[in-house]
Amino acid sequence: MPVLFESSMTTEPDPHTQNKPAFGAALERLRLDDGSDLTELALVRVVPGKRYVYRARWQGQDVYAKVFTGKNHAYYAGRDLAGVQRLAAAGIETPPLLFQGGVPDAQAQVLVFLAIGQASNAEQAWFSCDAQARFALAQKLVQTLARHHQAGLIQTDLYFKNFLVQGEVVYTLDGDGIRSLRVLFQQRQRLRNLATLFSKMDVLDDQWIPELYTGYCRQLNTICKPADLALLRALAQQVRSRMASAYADKKVFRTCTDVQVTRRFNYFLAVSRGFGLAPASLGLLDDALADPKANLKNGNTCTIAKALIADRQAVVKRYNIKDFWHGLNRAFRPSRAAASWANAHRLVISRIATPEPLALMEERFGFLRRRAYYVSEYLDAPDALQFFAQSALPEDKKAAARNLASLFYRLYLLKFSHGDCKATNIKIVNLSPVLIDLDGMQAYRLPRIFDGLFLRRHVKDLKRLMKNWEHDMETTALLKQALQAEYTSQGLYRGDAILIRAGIA
């Protein structure tokens, strides 16, 4: 049994103690209960009131210190310590634990780990390398996970950032997520854990899953079954979809790391961190839309304008109420602005380009919704129709067509339908497409038996895309060639006859 911390909550500290540390970014030195000091503290991660992670110096060494605070600090510190001890006992590389203990005159426990030099976390490494290097990194991570499973362990908080890469060595971080495999259904647990790792890859990298799974089975000396491989792919997509939904449909509608939310009887406001739209300045949204001649669009259902808000060039889109019956119809449903806000974050977490979502504001009367506003980053770029009409270089057109085909193939794999694929809803930035106008976008999470519904919507999206250039034979031919190459080269899923149904192949 690993030794856990004993709770320090049995004795209440004196609230008037002068030396009680104030945890946060301003803290530069921390005395530990063995008399040593953490110095040169730099805050690198925080869960307010619960956990602070610092880069620091301790006894002449570069270290990382986890400081657990709050009501259940002893429990969470003990759980993290137990996970570290399990990894060490199994011979799995993890940063050495140098100190475990408390802080004088404070309800806090501290774990101090040696900083691993010349290393980067796997998430940073993943997004900074090319496809070949990403595949090599994926192999290392799969081998590390196989070693976890061989030791009867499972990482329940499986993110790339919880692995540290130093050359050929991969260190496992965050002992808090380490658990023992349950006795029953261990193969299912392993497959789901492996699928969770795969879900962090780009969806186009799913083509590597068969080879990665073969390597995993080889290391565990087990048989690579086609049925398990099919299940692994399905589970990876399932986990990816669930995580995107949890973030886009729930997390960004409450105060979190990325968003600040304010709720009042007469309005709901969600603002991205770093965008300075305060409740007191909500009048700026209507001010931006006050001049019809300057607006990008003046319609019955929505009004759109470009504006300078909080020192950012932004697009403000107001969803109007046309009449009493329209207002009654919209009062009890999530607003279209809320759909745009959720879908923008869904695309961001799925690594599909869209203008940065900045704010969502809904006028309310209690729980009844009225007008709603969606604020996003302004992009000074041509739309797809303008780009292909204006671009003079054939190689630029070919590159943009390939990137556009890749975008739609990603949407296909992720089961996202846009719903209005006019060329004006696709901006071209550095030859790459950026999706806008997201209030009609839908994410399909239904069981595979209902895939036909999504496939019909995807075919409709492709047909609408091609309709933009029905009188431009050169661009039509270019896009058809790019779509055929993209949809057939990956080979992730076959048999849907998507391009044939869309009249492209």
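The values are calculated or read from the model by the stated rules, or taken from the named source; none is laboratory data. Quantities reported herein were computed from a predicted structural model and do not represent experimental measurements. Cβ atoms come from the backbone with ideal geometry, glycine included; neighbour counts cover every protein chain shown. Side chains are part of the model used for accessible areas, which takes the heavy atoms of the whole protein and leaves out ligands, DNA and RNA. Shrake-Rupley method; radii C 1.70, N 1.55, O 1.52, S 1.80 Å.
Is it the case that region 63-70 has a residue that's open to solvent by less than 40 Å² (accessible area, probe 1.4 Å), over 30 Å from V183 (Cβ atoms), touching a residue at least 40 places away in the same chain (Cβ under 8 Å) and not hydrophobic (A, V, I, L, M, F, W, C)?
Yes; the residues of region 63-70 include at least one that is open to solvent by less than 40 Å² (accessible area, probe 1.4 Å), over 30 Å from V183 (Cβ atoms), touching a residue at least 40 places away in the same chain (Cβ under 8 Å) and not hydrophobic (A, V, I, L, M, F, W, C).
When residues of region 283-298 are filtered for being in a loop (DSSP other than H, G, I, E, B) and either more than 16 Å from Y319 (Cα to Cα) or open to solvent by 30 Å² or more (accessible area, probe 1.4 Å) (or both), how many remain?
First pass over region 283-298, keeping only residues in a loop (DSSP other than H, G, I, E, B): 289-291, 295-296.
Retained after the next criterion (residues that are either more than 16 Å from Y319 (Cα to Cα) or open to solvent by 30 Å² or more (accessible area, probe 1.4 Å) (or both)): 290-291, 296.
Number of matching residues: 3.
Test A270 against the criterion of being modelled with pLDDT of 90 or more, in contact with a helix residue (DSSP H, G or I) (Cβ under 8 Å, 6 or more places away or on another chain), among the small types (G, A, S) and open to solvent by 10 Å² or more (accessible area, probe 1.4 Å), and give yes or no. Walk me through how you get there before you give the answer.
Values: modelled with pLDDT of 90 or more: yes; in contact with a helix residue (DSSP H, G or I) (Cβ under 8 Å, 6 or more places away or on another chain): yes; among the small types (G, A, S): yes; open to solvent by 10 Å² or more (accessible area, probe 1.4 Å): no.
No; evaluated as a whole, the condition is false for this residue.
Looking at region 299-314 only, could you name the residues that are within 27 Å of the chain's Cα centre (by Cα) and open to solvent by 20 Å² or more (accessible area, probe 1.4 Å)?
Passing the criteria: A310, D311, R312, Q313.
For region 174-190, which residues satisfy the criterion of being over 22 Å from the mean Cα position of the chain (by Cα) and surrounded by fewer than 20 Cβ atoms within 10 Å (Cβ to Cβ)?
R179, S180, L181, R182, V183, L184, F185, Q186, Q187, R188, Q189
Out of region 111-144, which residues are more than 26 Å from R218 (Cβ to Cβ), of a type outside the set (A, V, I, L, M) and part of a loop (DSSP other than H, G, I, E, B)?
G117, Q118, S128
Report, ordered by the first and then the second residue, all pairs with beta carbons closer than 7 Å, sequence separation of six or more or different chains, a first member in region 234-245 that is in a helix (DSSP H, G or I), and a second member that is of a type in the set (S, T, N, Q).
Short answer, once both residue conditions are applied: A236/S199; V239/T196; V239/S199; R240/S199; M243/S199; A244/S350.
Restricting to region 356-368, count the residues that are touching a residue at least 40 places away in the same chain (Cβ under 8 Å) and open to solvent by 20 Å² or more (accessible area, probe 1.4 Å). Explain how you work it out, then say what you get.
Step one: list which residues in region 356-368 are touching a residue at least 40 places away in the same chain (Cβ under 8 Å), which gives 356-366.
Pick out the ones that are also open to solvent by 20 Å² or more (accessible area, probe 1.4 Å) and you get 356, 363-366.
Residues flagged as touching a residue at least 40 places away in the same chain (Cβ under 8 Å) and open to solvent by 20 Å² or more (accessible area, probe 1.4 Å) within region 356-368 amount to 5.
Specify which of the listed residues (R371, R346) is within 27 Å of G276 (Cβ to Cβ) and under 26 Å from the mean Cα position of the chain (by Cα). Even if it seems obvious, please write down each step before you answer.
Values: R371 fails: under 26 Å from the mean Cα position of the chain (by Cα).
After ruling out the rest, the residue left standing is R346.
Pairs under 7 Å by beta carbon, first residue free of Cβ contacts under 8 Å to residues at least 24 places away in the same chain in region 83-103, partner outside any helix (DSSP H, G or I) and not charged (D, E, K, R), six or more apart or different chains?
Listed by first residue and then by second, the contacts come to A88/T94; P96/F113; P96/L114; L97/L111; L97/F113.
Among the residues of region 113-159, which ones are within 17 Å of the chain's Cα centre (by Cα), closer than 29 Å to V183 by Cβ and crowded, with 19+ Cβ neighbours inside 10 Å?
The one that is within 17 Å of the chain's Cα centre (by Cα), closer than 29 Å to V183 by Cβ and crowded, with 19+ Cβ neighbours inside 10 Å: L158.
Condition check: part of a loop (DSSP other than H, G, I, E, B), β-branched (V, I, T) and farther than 18 Å from A344 by Cβ. Does I223 satisfy that? Break it down into steps so the answer makes sense when it comes.
Details: part of a loop (DSSP other than H, G, I, E, B): yes; β-branched (V, I, T): yes; farther than 18 Å from A344 by Cβ: yes.
Against the criterion (part of a loop (DSSP other than H, G, I, E, B), β-branched (V, I, T) and farther than 18 Å from A344 by Cβ), I223 qualifies.
Return yes or no: is V203 closer than 20 Å to L358 by Cα, within 21 Å of the chain's Cα centre (by Cα) and crowded, with 18+ Cβ neighbours inside 10 Å?
Numbers: closer than 20 Å to L358 by Cα: no; within 21 Å of the chain's Cα centre (by Cα): yes; crowded, with 18+ Cβ neighbours inside 10 Å: yes.
Here the answer is no, as V203 does not meet what is asked.
Which condition from (1) modelled with pLDDT of 95 or more; (2) open to solvent by 30 Å² or more (accessible area, probe 1.4 Å); (3) not in a helix (DSSP H, G or I) is the one that L438 breaks?
Here L438 clears every test but (2).
Can you tell me which residues in region 242-252 are open to solvent by 30 Å² or more (accessible area, probe 1.4 Å) and not acidic (D, E)? Explain how you work it out, then say what you get.
Of region 242-252, the ones open to solvent by 30 Å² or more (accessible area, probe 1.4 Å) are 242-243, 246-247, 249-251.
Within region 242-252, R242, M243, A246, Y247, K250, K251 qualify.
Within the set of pairs 6 or more residues apart or between chains, which connect a residue that is under 12 Å from L81 (Cα atoms) and among the small types (G, A, S) inside region 172-185 to a residue that is open to solvent by less than 70 Å² (accessible area, probe 1.4 Å) and part of a loop (DSSP other than H, G, I, E, B) with Cβ atoms less than 8 Å apart?
Going by the 8 Å Cβ cut-off, the qualifying pairs are G175/T94; G177/D157; G177/L158.
Taking region 325-355 as the search range and keeping residues that are in a helix (DSSP H, G or I), of a type in the set (S, T, N, Q) and open to solvent by less than 50 Å² (accessible area, probe 1.4 Å), which one is farthest from N300 (Cα to Cα)? Even if it seems obvious, please write down each step before you answer.
Initial filter on region 325-355 (in a helix (DSSP H, G or I)): 325-331, 336-349.
Add one more test, that the residue is of a type in the set (S, T, N, Q), and what stays is 329, 340, 343.
Cutting the leftovers down to open to solvent by less than 50 Å² (accessible area, probe 1.4 Å) gives us 340, 343.
On the way: S340: 18, N343: 23 Å.
The qualifying residue farthest from N300 (Cα to Cα) is N343.
Give the residue, chosen from K317, K322, that is part of a loop (DSSP other than H, G, I, E, B), free of Cβ contacts under 8 Å to residues at least 60 places away in the same chain and either charged (D, E, K, R) or open to solvent by less than 20 Å² (accessible area, probe 1.4 Å) (or both). Give the derivation first.
Details: K317 fails: part of a loop (DSSP other than H, G, I, E, B).
Result of the check over K317, K322: K322.
Being assigned to a helix (DSSP H, G or I), in contact (Cβ under 8 Å) with a residue 12 or more places away in the chain and among the aliphatic types (A, V, I, L, M): is that true of L453 here? Let's see the steps before the verdict.
Working: assigned to a helix (DSSP H, G or I): yes; in contact (Cβ under 8 Å) with a residue 12 or more places away in the chain: no; among the aliphatic types (A, V, I, L, M): yes.
Judged against the criteria, L453 is not a match.
Can you go through M466, M473 and tell me which one is of a type in the set (A, V, I, L, M) and open to solvent by 70 Å² or more (accessible area, probe 1.4 Å)? Write out each step before concluding.
Working: M466 fails: open to solvent by 70 Å² or more (accessible area, probe 1.4 Å).
Of the residues listed, the single one that is of a type in the set (A, V, I, L, M) and open to solvent by 70 Å² or more (accessible area, probe 1.4 Å) is M473.
Could you tell me whether any residue of region 209-217 is surrounded by fewer than 20 Cβ atoms within 10 Å (Cβ to Cβ) and in contact (Cβ under 8 Å) with a residue 60 or more places away in the chain?
Yes, some residue in region 209-217 is surrounded by fewer than 20 Cβ atoms within 10 Å (Cβ to Cβ) and in contact (Cβ under 8 Å) with a residue 60 or more places away in the chain.
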